[in-house]
1. Scan segment 112-121 and tell me whether some residue there is on the phi > 0 side of the Ramachandran plot and either touching a residue at least 60 places away in the same chain (Cβ under 8 Å) or touching an Asp or Glu at 6+ places or on another chain (Cβ under 6 Å) (or both).
2. Can Y81 be described as at pLDDT below 90, under 25 Å from Y134 (Cβ atoms) and either assigned to a helix (DSSP H, G or I) or not aromatic (F, W, Y) (or both)?
3. Considering only segment 140-152, how many residues are under 16 Å from G100 (Cα atoms) and touching a residue at least 40 places away in the same chain (Cβ under 8 Å)?
4. Consider Y86 against the criteria (1) buried (at least 17 other Cβ atoms within 10 Å of the Cβ); (2) out of contact with any helix residue (DSSP H, G or I) (no Cβ under 7 Å at 6 or more places or on another chain); (3) of a type in the set (F, W, Y): it satisfies all of them except one. Which criterion is unmet?
5. Regarding segment 48-67, can at least one residue be identified that is in a helix (DSSP H, G or I), among the aromatic types (F, W, Y) and at pLDDT below 80?
6. If a residue has to be over 19 Å from V171 (Cβ atoms) and over 20 Å from the mean Cα position of the chain (by Cα) to count, how many in segment 49-84 make the cut?
7. Evaluate the following for L152: is it at pLDDT below 90, crowded, with 16+ Cβ neighbours inside 10 Å and assigned to a helix (DSSP H, G or I)?
8. Can you tell me which residue among A70, A95, A106, A75 is assigned to a helix (DSSP H, G or I) and under 23 Å from W144 (Cα atoms)?
Amino acid sequence: MSKRVGFNIFKWTVYGLLALNTYFFLRTEETLTEFLDSAAWLVLLGVMEYESSSLDSDYDGPWERRAVIAANVFAYAVIVYAWIGYFREEDWVDAINATGWLGVCAVLLYQMYAPGDYEGAEKTIVNGLKIALYGVLVGCALWWTWDASKPLDAIDAWLWLVCFAVIEMNVFGFEQASPAPEAVAARADDAQAGDRAS
């Protein structure tokens, strides 16, 4: 078995476990905020997996680009709505956790769509931000694990960390294969050209 096949088996096994856990999570949650948040993050995970695993190729056409944009807009709108809801409800651990994940997504979006050298100061800043953000997320996961009053929260938190580790590996693999990321620049130019044409 090749490393790529093994990685794909691992990746889809983790995604399947997350989907199953989210199903049970949604059945037990009592607030609309938590329900919307979980559902929207699943949509966003699907978009980020699709995008991060195809960074070396252009969109097949305007329809694909528009579908990706629509899914992103929907997911982020719901996630930000839920994020605000956590603060209104004074659910501080969920609020901190959601803030950390939004920060991780911002850094990943920069890596996927903003061409750069991936070296020097840029690499140091990106890695520093990720270490800080993932540190916050691990802290939240440890809190839910220690609290033990909501075991599904703890399982959910650790599974999301593993899932985003997969996304990180997709991006890292692309960066290693593309020292000068012309493909990312071409993809960004393609999206801008599509915006002007639409």
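The values are calculated or read from the model by the stated rules, or taken from the named source; none is laboratory data. These numbers were taken from a predicted model, which means no experiment stands behind them. Backbone-built Cβ (ideal geometry, glycine too); neighbour counts: all protein chains shown.
1. Initially, segment 112-121 is screened for residues on the phi > 0 side of the Ramachandran plot, giving 118, 120.
Narrowing the set further to residues that are either touching a residue at least 60 places away in the same chain (Cβ under 8 Å) or touching an Asp or Glu at 6+ places or on another chain (Cβ under 6 Å) (or both) leaves 118.
So far as segment 112-121 goes, yes, one or more of its residues are on the phi > 0 side of the Ramachandran plot and either touching a residue at least 60 places away in the same chain (Cβ under 8 Å) or touching an Asp or Glu at 6+ places or on another chain (Cβ under 6 Å) (or both).
2. On the way: at pLDDT below 90: no; under 25 Å from Y134 (Cβ atoms): yes; either assigned to a helix (DSSP H, G or I) or not aromatic (F, W, Y) (or both): yes.
When the stated conditions are applied, Y81 does not pass them.
3. At the first step, the residues of segment 140-152 found to be under 16 Å from G100 (Cα atoms) are 140-144.
Keeping just the survivors that are touching a residue at least 40 places away in the same chain (Cβ under 8 Å) gives 140, 143-144.
Final tally of qualifying residues: 3.
4. Status for Y86: all satisfied but (2).
5. Narrowing segment 48-67 to residues in a helix (DSSP H, G or I): 48-52, 62-67.
Among the residues that remain, those that are also among the aromatic types (F, W, Y) are: 50, 63.
Checking the rest, the ones that are also at pLDDT below 80 come to none.
Checking segment 48-67: not a single residue is in a helix (DSSP H, G or I), among the aromatic types (F, W, Y) and at pLDDT below 80.
6. Applying the first criterion (over 19 Å from V171 (Cβ atoms)) to segment 49-84 yields 60-67, 69-70, 73-74, 77-84.
Filter once more, keeping what is over 20 Å from the mean Cα position of the chain (by Cα): 60-63.
The qualifying residues number 4.
7. Working: at pLDDT below 90: yes; crowded, with 16+ Cβ neighbours inside 10 Å: yes; assigned to a helix (DSSP H, G or I): yes.
The answer is yes for L152.
8. On the way: A70 fails: under 23 Å from W144 (Cα atoms); A106 fails: under 23 Å from W144 (Cα atoms); A75 fails: under 23 Å from W144 (Cα atoms).
Just one listed residue meets the conditions, A95.
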